[in-house]
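Enquirer: Okay, here's the structure, questions in a sec.
The values are calculated or read from the model by the stated rules, or taken from the named source; none is laboratory data. Everything numeric in this text was worked out from a predicted model, so none of it was measured. Ideal geometry is used to build each Cβ from the backbone, glycine not excepted, and the neighbour counts take in all protein chains shown.
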Amino acid sequence: MGFFRKLMLPLAELSVVGSYGRGGYRLRSPDFDPADLAVDLRGERHVVTGATSGLGLAAAHALSALGATVVMVGRDAEKLARAVEGVPGAVGERCDLSDLEEVGALAARLGKQPLASLVHNAGFIVPERRLTRQGHESAFATHVLAPFVLSHRLMDRLAQAPRTGRLVWVSSGGMYSQKLDLAKAEALHGTYDGVRAYAQHKRAQVLLSESFQRLFEARGLGVASNAMHPGWVDTPGVEVGLPRFYRRMKRWLRTPEAGADTIVWLCARPTPPAAGRFYLDRKARRTEIVPGTRHDDGDRARLWELCARLTGIDVAAPRGRVRGRGPCGRSP
């Protein structure tokens with residue numbers, strides 16, 4: 001390691017811009033093991049939601065380049081067709097993930113063949129409350145309820161993969177600012193704050209990732225569930241959803257390819273890294289930093305029970321620690 005990198009890496013870990021921006025990736029990526037992605041994914045099917053632009057499209061390109069058949073899920077049929085055309089061997093699946101009827105139909109179609117990975121990437125920030133046909137707030141349905149349904153409906157298919165199946169939750173550093181509040185996450189009443197709701201949903205995804213790993217272990221399924229933080233990435237979603245942030249921080253934002261690197265690493269690495277964790281730049285990170293944002297099993301159970309009630313999936317909240325790690329929420 002060069003002297004400059006040796007000096008700057010600890011500083012990047014202590015900062016926000018230096019860690020989440022393009023500089024953090026540039027400092028850490030020389031230490032990545034090339035063997036982790038020296039793989040042949042021919043014969044494997046990998047599902048990526050929100051795959052028409054940004055992180056999802058970058059992940060689809062990278063997985064395709066490794067030989068995988070990528071199932072690209074998108075809401076807009078025209079955008080999806082254009083995106084699929086640019087990714088060799090890709091297959092398109094149109095679905096509005098905020099509509100749970102469409103999500104159920106998507107799960108039925110995807111469940112016809114074994115799957116190597118399922119990447120929950122679809123996401124957006126909306127300025128005002130929008131309700132779905134089922135009466136859910138649209139962002140909550142897309143970020144939380146749809147992944148809950150797909151993870152349940154497809155876990156057996158992931159378990160049938162030749163190697164360990166992968167469930168990947170694309171969260172955000174914004175979740176660090178929030179302790180989960182189910183009323184704010186569901187966001188059906190009161191003043192609507194789209195940015196706060198998004199951060200709540202991203203916190204919920206991390207907790208669900210941990211809970212699903214507990215469920216997989218309890219059932220003896222060979223599936224690894226992990227959440228990840230892509231850093232601050234230059235994507236259309238950030239430009240539209242956080243315009244002021246985008247204008248001020250554009251020069252420090254990562255490329256979609258850099259942001260998607262850990263997604264691809266979690267999907268494609270020959271053996272999965274430690275499961276039930278939260279990753280940034282191929283390294284497990286703490287999930288709670290800000291005082292007052294620590295979560296316990298009661299928080300996880302209440303979130304799970306809400307999702308189960310709203311989706312009609314009658315599965316008890318899994319409990320117990322994930323094997324090979326300390327208490328959930330803290331890396332050893």
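Enquirer: Pull up the stretch 125-138, narrow it to residues that are under 20 Å from Leu100 (Cβ atoms) and touching a helix residue (DSSP H, G or I) at 6+ places or on another chain (Cβ under 6 Å), then point me to the one that is modelled with the lowest pLDDT.
Expert: Just the residues of the stretch 125-138 that are under 20 Å from Leu100 (Cβ atoms), to begin with: 126, 129-138.
From what is left, the residues that are touching a helix residue (DSSP H, G or I) at 6+ places or on another chain (Cβ under 6 Å) are 126, 130, 132, 134.
On the way: Val126: 92, Arg130: 96, Thr132: 97, Gln134: 97.
That would be Val126.
Enquirer: How many residues are among the β-branched types (Val, Ile, Thr) and either at positive phi or in contact with a helix residue (DSSP H, G or I) (Cβ under 7 Å, 6 or more places away or on another chain) (or both) when one looks only at the stretch 238-292?
Expert: Quick first cut of the stretch 238-292, residues among the β-branched types (Val, Ile, Thr) only: 238, 240, 255, 262-264, 271, 287, 289-290.
From the residues that got through so far, the ones that are either at positive phi or in contact with a helix residue (DSSP H, G or I) (Cβ under 7 Å, 6 or more places away or on another chain) (or both) too are 238, 263-264, 287, 289-290.
Of the residues in that region, 6 qualify.
Enquirer: Being of a type in the set (Phe, Trp, Tyr), within 15 Å of the chain's Cα centre (by Cα), outside any loop (DSSP other than H, G, I, E, B) and under 28 Å from Asp193 (Cβ atoms) is the requirement here; does Phe245 meet it? Give the derivation first.
Expert: Values: of a type in the set (Phe, Trp, Tyr): yes; within 15 Å of the chain's Cα centre (by Cα): no; outside any loop (DSSP other than H, G, I, E, B): yes; under 28 Å from Asp193 (Cβ atoms): yes.
Answer is no for this residue.
Enquirer: In the stretch 246-281, how many are of a type in the set (Asp, Glu) and either surrounded by fewer than 21 Cβ atoms within 10 Å (Cβ to Cβ) or more than 30 Å from Arg319 (Cα to Cα) (or both)? If you could, list the steps in order and put the result at the bottom.
Expert: Step one: list which residues in the stretch 246-281 are of a type in the set (Asp, Glu), which gives 257, 261, 281.
Right, trim to either surrounded by fewer than 21 Cβ atoms within 10 Å (Cβ to Cβ) or more than 30 Å from Arg319 (Cα to Cα) (or both) and you get 257, 261.
Qualifying residue count, the stretch 246-281: 2.
Enquirer: Is at least one residue of the stretch 57-75 of a type in the set (S, T, N, Q), at negative phi and modelled with pLDDT of 95 or more?
Expert: Kept after step one, since they are of a type in the set (S, T, N, Q), are these residues of the stretch 57-75: 64, 69.
Add one more test, that the residue is at negative phi, and what stays is 64, 69.
Of the ones still in play, those that are also modelled with pLDDT of 95 or more are 64, 69.
There is at least one residue in the stretch 57-75 that is of a type in the set (S, T, N, Q), at negative phi and modelled with pLDDT of 95 or more.
Enquirer: Restricting to the stretch 147-177, and then to whatever is within 17 Å of the chain's Cα centre (by Cα) and modelled with pLDDT under 95, can you tell me which residue is nearest to Glu288 (Cα to Cα)?
Expert: Tyr176
Yes or no, residue by residue, for (1) outside any loop (DSSP other than H, G, I, E, B); (2) at negative phi; (3) of a type in the set (Val, Ile, Thr):
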residue: Leu154; (1), (2), (3): yes, yes, no
residue: Arg163; (1), (2), (3): no, yes, no
residue: Trp169; (1), (2), (3): yes, yes, no
residue: Tyr176; (1), (2), (3): yes, yes, no
residue: Gly190; (1), (2), (3): no, no, no
residue: Phe212; (1), (2), (3): yes, yes, no
residue: Phe216; (1), (2), (3): yes, yes, no
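Enquirer: Another question, if that's okay. Scan the stretch 112-132 for residues that are without any contact (Cβ under 8 Å) to a residue 60 or more places away in the chain and either closer than 20 Å to Val73 by Cα or in contact with a Cys (Cβ under 7 Å, 6 or more places away or on another chain) (or both) and report the count. So that I can check it myself, show each step before the final result.
Expert: Pass one, the stretch 112-132, residues without any contact (Cβ under 8 Å) to a residue 60 or more places away in the chain: 112, 130-132.
After this cut, where a residue has to be either closer than 20 Å to Val73 by Cα or in contact with a Cys (Cβ under 7 Å, 6 or more places away or on another chain) (or both) as well, the list is 112, 132.
Count: 2.
Enquirer: Also: Could you give every pair whose Cβ atoms fall below 7 Å, whose first residue belongs to the stretch 250-268 and is modelled with pLDDT under 95, and whose second residue is among the aliphatic types (A, V, I, L, M) and assigned to a helix (DSSP H, G or I), counting only separations of at least 6 or pairs across chains?
Expert: Here the result reads Trp252/Val17, each pair linking the stretch 250-268 to a residue that is among the aliphatic types (A, V, I, L, M) and assigned to a helix (DSSP H, G or I).
Enquirer: Residue by residue through the stretch 282-301, note down the ones that are surrounded by fewer than 16 Cβ atoms within 10 Å (Cβ to Cβ) and more than 30 Å from Arg28 (Cα to Cα).
Expert: The answer is Asp296, Gly298.
Enquirer: Okay, next question. If we scan the stretch 53-76, do we find a residue that is within 23 Å of Val144 (Cα to Cα), touching a residue at least 24 places away in the same chain (Cβ under 8 Å) and surrounded by fewer than 16 Cβ atoms within 10 Å (Cβ to Cβ)?
Expert: So far as the stretch 53-76 goes, yes, one or more of its residues are within 23 Å of Val144 (Cα to Cα), touching a residue at least 24 places away in the same chain (Cβ under 8 Å) and surrounded by fewer than 16 Cβ atoms within 10 Å (Cβ to Cβ).
Enquirer: Taking Arg214 as meeting all but one of (1) at pLDDT 95 or above; (2) touching an Asp or Glu at 6+ places or on another chain (Cβ under 8 Å); (3) not aliphatic (A, V, I, L, M), write down the number of the exception.
Expert: For Arg214, the exception is condition (2).
Enquirer: What number of residues within the stretch 248-273 satisfy the criterion of being under 16 Å from the mean Cα position of the chain (by Cα) and part of a loop (DSSP other than H, G, I, E, B)? Walk me through it before giving the result.
Expert: Restricting attention to the stretch 248-273, the residues satisfying the condition of being under 16 Å from the mean Cα position of the chain (by Cα) are 256-268, 272-273.
Next, only the ones that are part of a loop (DSSP other than H, G, I, E, B) stay: 272-273.
Residues meeting the conditions: 2.
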